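Structure record follows, encoded as structure tokens.
The numbers here are math on the coordinates, done by the rules we state, and not lab data. Everything numeric in this text was worked out from a predicted model, so none of it was measured. When we count neighbours, we look across all protein chains shown, and the Cβ atoms used for this are built from the backbone with ideal geometry, even at glycine.
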Amino acid sequence: MIQHLVDGILVGSILSLGAIGLTMVMHMLRFANFSHAELLSIGAYCALVFDGVFKALYPPLGNVVGPLSLTWALTLSILISMTITAASAILIDLLVFKRVRSKGGELSMVFASFGVAMIIRNVLGLMFGLQAKLYSQDIVFAVVLSHDPLLLVKPDQIFSLVAALLIMVILHLVLAHTTFGYALRAVAENPNLSQVSGINLNRMIILIWIIGGGLAAAAGVFYGLTNQINPVLGRDLLLPIFAATIVGGIGSIYGAAMGGFLVGIASNLALLILPSGYSPAVPFLIILAVLIVRPTGFFGEERA
Amino acid sequence: MNKHIKHAALTVGLAIGISAYGSAAFAQDCTTKIGAVLPTSVDWGKPIAATAQYVVDQINEAGGVAGCQIEMVLRDSQVDPKVGVDAAKALVDLDGVQVLIGAVSSGVSMPILTSVTVPAGVMQMSCCSSSTAFTGLAQEGKTRGLWFRTFATSGVQAAVGAMVARDRGHKSVAILYKNDDWGQDIGKLIAADFESVGIEVTASVALNDGQASYRAEVTEALKGQPEALYLALYPKEGTAAVREWISLGGTQNMIVANSLKSDEFRDNVGLQYLGNTVGTDTASPRSESASAFVEQYTAHFGGAPSGPGLANSYDATMIALLAMEAAGKDADGAQIASMVSKVTDPSGTPITADADGFKQAREVLAGGGSVFYQGATGNVRFDANGDVSAPAVTWGFSDAGTKELSFISLTDVDAFMASLK
């Protein structure tokens, strides 16, 4: 029981990072972006490439950090991956979403995002192959936190959780205490009115993609660190991330963060009641339950 | 003018056609059709169909079946149940076949069996369907003895897995299986087999395709602290689950199904953790008749039979034709099906899997005797449900990939499986 709870929190932190980016994009650009989870894949593969590059350039970087399987090279790669993924997100917006936005409606955007997701997935498959890849071949053994009740945690997961929480806190500080954060909230509230107040909407959209892409990249790397990397990683995480976004309420960053943990915990605890074959249904059930009980999500507000 | 030439040409053509027909009829006065529904539109399906046709050609050269030439009407199943059923319906209703070869996938063979061949009383012989759902159907009497297959069921592999666990002295085992038809089938079978050799199954957990994390499932399987782990998974989720399992301190005593015989799995888990892993697989028999088939096939097709189900396809077609020979001319599906035991009779005259063997069988059968077909997959023997057994191997991971650990002969497999029931 306690093990499932802890596992849920650890998995949830990754979902939260993904959901925060998604909720911002969905709220500002007003469309369900089904390609968002693919940014996690881009981030994960990007870090894989740079991890290799750094190790080749300067072998001491290949040493692991403390008890983790994470190397210094990979730590650096996370930062580079966040940058590149953010850049890819902007590029995708310029190439696809911006054009569709100016011509088509909300539904066209949704379909375009499906197309983008498929393209990214298949390009990654072409470039890196369909087989699973790993940052490190070594298996890091879990640490026994308590014997009764038995509680096992992998050091990598603790790192992912701490790093994810840190990123969320930084984001919170930026949004709550800077002019940029204020502007962002203004755009979310009412794009037209915010423009009247002198906010550059296009610049805001780019900033949103940067945040969304960066967070997704971090989530992708953390996922790869605790699981494995493959081209369908984004597709597998899409539903839990959407569930987290909807539970939290579209547009609510804090809601998305909480939603991620909630979905993670619920999926893990579900195994105590449901046979394991049914566990993929849990995110769906959560979405349904939330939509019936509180259609705007826990932290969401009704949109005018 | 033009019209006249056309007319004349047509008449001449017709005359030639009739005379050609006449000369063929003179050599052999009848043609019997058999049907085949095989996935010829996929690359691995073509050789299976070619092998079946090869058998028919051989038998026709040897004088045909029951005095008639055999014509195999081949239709593509496209690995699609709907297409397969349509094809089978056309063969049975329009061509009037009494024997149907096919299909390959269990998912295609099953609807053909239940909605076409059994209602029409046509015998169906599959080269390659492995699902134990057919066994269940046969036990309920719903196949009416018309169903046979020359491919061993998942039961063989499950039994060998239990045998390995027993021989290694494990007292308790947890099972992780893939949540699809194959995985559910083998997961259920192995659980029953473990129980019957006195091994406790601490947990049996289904793993779904494409899940973000298998942590919860693995934790669930770990709970009972089993001495060994049985895996019926594919490499992708297998790697993820086993890495979790090992990192959480699970036992490295693992028994795995043939689906994990992959370099991806070995490399991503790491050879250092797989020292105590034993895999199972069904195998070709190490018999003379099996090597004779390989030689014969290589000589005819210019390459060794490397694809799946080729030896099985050869035997399926040959046994069907032998049964037709035994049943005599104009026999119906049920009569032909009832003759299968007569041509695979262990106390009968052994015959080889080629044209000569067929000629010999013809004489023996004409004299009222029975024959024992020594096929490409060994001494084929169907049980009451139309299932065959197969020899098995156990294997382990090595630097070069996998290495065979032991060969378990058909007799040993059969004996062990009988001891389970």
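Points to keep in mind about this one:
- Each residue of region B:74-79 is assigned a 3J(HN,Hα), and the resulting list reads 9, 10, 7, 9, 6, 6 Hz, derived from the Karplus form 6.51 cos²θ - 1.76 cosθ + 1.60 (θ = phi - 60°), x at Gly and Pro.
- Straight-distance candidates among the lysines for linking to B:LYS223, with alpha-carbon spacing under 30 Å and chain neighbours fewer than 8 residues away dropped: A:LYS133, A:LYS154, B:LYS171, B:LYS178, B:LYS188, B:LYS236, B:LYS261, B:LYS421.
- Of interest is the spacing of the C-alpha centroids, which for region A:1-41 and region B:301-318 amounts to 50 Å.
- Angstrom value of the Kirkwood radius, inverse mean 1/r, which spans all Cα pairs in region A:25-230: 18.7
- Environment charge of B:ILE48, counting only residues whose C-beta is closer than 14 Å and scoring Lys/Arg +1, Asp/Glu -1: 0
- Lys, Arg +1 and Asp, Glu -1 on Cβ, resulting dipole of region A:25-230 about Cα centre, debye, nearest 20: 620
- Relative contact order, whole percent, for region A:25-230 stands at 38, derived from Cα pairs under 8 Å and 6 or more residues apart.
- Once you reduce region B:30-98 and region B:114-130 to the center of their Cα atoms, the two points are 13 Å from each other.
- Computed over region B:129-272: relative contact order in percent, which uses C-alpha pairs under 8 Å that are six or more apart: 22
- Hydrodynamic radius of chain B per Kirkwood, over alpha carbon pairs, in Å: 23.2
- Value of D in µm² per second that Stokes-Einstein yields for the protein assembly as shown, Kirkwood Rh from Cα pairs, at 20 °C (1.002 mPa s): 73
- Mean Cβ count within 10 Å, highest first, over the residues of peptides B:106-117, B:41-52, A:110-121: B:106-117, B:41-52, A:110-121
- Residues of type lysines that B:LYS33 reaches as a straight line, Cα spacing below 29 Å, ignoring anything fewer than 8 places off in the same chain: B:LYS46, B:LYS82, B:LYS89, B:LYS142, B:LYS329, B:LYS342, B:LYS359
- Förster-model FRET efficiency, 41 Å R0, A:LEU145 and B:SER196, C-beta, rounded to 0.05: 0.55
- Leading residue at positive end of dipole, the protein assembly as shown (Cβ point charges), from A:THR245, B:GLY169, B:PHE134: A:THR245
- Contact order for chain B, expressed relative to its length and based on alpha carbon pairs under 8 Å spaced 6+ residues apart, stands at 16 percent.
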